[in-house]
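Below is one structure, written out as structure tokens; comments come after it.
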Ligand code: HGY
Ligand code: MN
Ligand code: MN
């Protein structure tokens, strides 16, 4: 085992966090490192340079995942993957995804400096487009062999920019993403440290979450089509107002979840666009997104069926048409009991306050779970806030999480774990 002296350094982690937080920062204090933007690529370049400084062998795969490798004694043994993502939502905080990558970097830096050679290769990966500018989990889906030519050709961001064009504009060949698939036999497991992004740990005063299951989610883009008309001369009863369809639907969401969901179900309308979008025109078209989550896939399907029925009823009542596009459907997964046991042992041996829990956020780990065993380590989010510049985790909780990460890596990759 590593001595405390050769343990993780919160000073190095905080220095890395502060440096990376300057890439993509805007005047509103939020980060804008959305996938395959210049800021995202600057972040990838910065990270790769830090990996090389740490003595790791670096590469990028066809999905532009940034990879740093610490070679093991036995190159034929299945590789241990650790990582997360450094792309962000618009106006993001500085920890979502990034903390997992930088604590992973610190763990490999410590092992390298201590001259510790693991039984197997350990690879640190920063996955591309976890946050979903182009749908989400692009880099982890590429590694898991879930990207198809249709994904590459059809993916576009909310402004309509296509994934293919965005990657080509950066000198990347999007079709290379089809080469990023890894042989599942070559991967022994995956560990991801992430902020909880919810209130459970901070309210309980606990330092670490040992994640047992990760919620599933589906994202739809739904369009109501009615009739644009004059805001002054069109009587209320003669309108086919597309926005009122959205308004009616929003009021139905709590009932849909009450009747078809569980206490873990969540539904969010995150974006609404009205056409033509002028104050004195009745909206002829309304396109909105819905993000639905639950840890049980049968429940997800029941909620989806209920949503379709409600959309049809509203359309009939208001003389509208509706259509929807499934932007993503990501299955809920259970973490691997053996890896979870190693994470829990590392937390317990560190004398930390921890709990086993579920993740309400989606993560690359649930995609990677399709090719190897996975486990996640949560650290508390101050007041449960995330996806905003208010996102924060206390330094000593970050240090505790990084120590658990290192302890779990040692149990998995050094002691024949
Ligand atoms: O949406 C999520 O759960 C994740 O932050 N991408
Ligand atoms: Mn994340
Ligand atoms: Mn996120």
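The values are calculated or read from the model by the stated rules, or taken from the named source; none is laboratory data. Source: prediction; values computed, not measured. When we count neighbours, we look across all protein chains shown, and the Cβ atoms used for this are built from the backbone with ideal geometry, even at glycine.
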Regarding residue 49, is this residue more than 26 Å from residue 400 (Cα to Cα) and away from ligand 1 (no atom under 16 Å from the Cβ)?
no
Of those in segment 84-106 that are more than 13 Å from ligand 2 (Cβ to nearest atom) and in a loop (DSSP other than H, G, I, E, B), the residue farthest from residue 364 (Cα to Cα) is 91
When segment 300-340 is examined, which residues are found to be touching a strand residue (DSSP E or B) at 6+ places or on another chain (Cβ under 8 Å), under 30 Å from residue 190 (Cα atoms) and not in a strand (DSSP E or B)?
300, 331, 332, 335, 336, 339, 340
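Answer with yes or no whether residue 109 is closer than 21 Å to residue 362 by Cα and crowded, with 21+ Cβ neighbours inside 10 Å.
On the way: closer than 21 Å to residue 362 by Cα: no; crowded, with 21+ Cβ neighbours inside 10 Å: yes.
Spelling it out, it is not the case that residue 109 is closer than 21 Å to residue 362 by Cα and crowded, with 21+ Cβ neighbours inside 10 Å.
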Assess whether residue 40 counts as being within 16 Å of ligand 1 (Cβ to nearest atom), at pLDDT 95 or above, outside any loop (DSSP other than H, G, I, E, B) and more than 27 Å from residue 339 (Cβ to Cβ).
yes
Among the numbered criteria (1) over 18 Å from residue 195 (Cβ atoms); (2) more than 16 Å from ligand 1 (Cβ to nearest atom); (3) surrounded by 23 or more Cβ atoms within 10 Å (Cβ to Cβ), which single criterion is violated by residue 139?
(2)
Right, residue 127: within 16 Å of ligand 2 (Cβ to nearest atom), farther than 16 Å from residue 51 by Cβ and modelled with pLDDT of 95 or more or not?
no
Collect the residues in segment 354-371 that are more than 13 Å from ligand 2 (Cβ to nearest atom), surrounded by fewer than 22 Cβ atoms within 10 Å (Cβ to Cβ) and part of a loop (DSSP other than H, G, I, E, B), keeping them in residue-number order.
370, 371
Find all pairs meeting these conditions: Cβ atoms under 7 angstrom apart; at least six residues apart or on different chains; first residue within segment 91-105 and modelled with pLDDT under 95; second residue assigned to a helix (DSSP H, G or I) and within 12 Å of ligand 3 (Cβ to nearest atom).
none
Residues that are more than 22 Å from the chain's Cα centre (by Cα), part of a helix (DSSP H, G or I), crowded, with 18+ Cβ neighbours inside 10 Å and touching a residue at least 40 places away in the same chain (Cβ under 8 Å): does segment 257-279 have at least one?
yes
Which numbered condition residue 141 fails, given (1) within 16 Å of ligand 2 (Cβ to nearest atom); (2) modelled with pLDDT under 95; (3) on the phi < 0 side of the Ramachandran plot
(2)
Please work out if residue 360 is closer than 21 Å to residue 405 by Cα and at pLDDT below 95.
yes
Only residues in segment 358-369 that are on the phi > 0 side of the Ramachandran plot count as the first member; pair them with residues that are in a helix (DSSP H, G or I) and within 13 Å of ligand 3 (Cβ to nearest atom), Cβ under 6 angstrom, at least 6 apart or cross-chain, and list the lot.
none
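A quick yes/no check of all residues on (1) more than 20 Å from the chain's Cα centre (by Cα); (2) assigned to a loop (DSSP other than H, G, I, E, B); (3) surrounded by fewer than 17 Cβ atoms within 10 Å (Cβ to Cβ):
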position	(1), (2), (3)
13	yes, no, no
28	yes, yes, yes
33	no, yes, no
59	yes, no, yes
77	yes, yes, yes
82	no, no, no
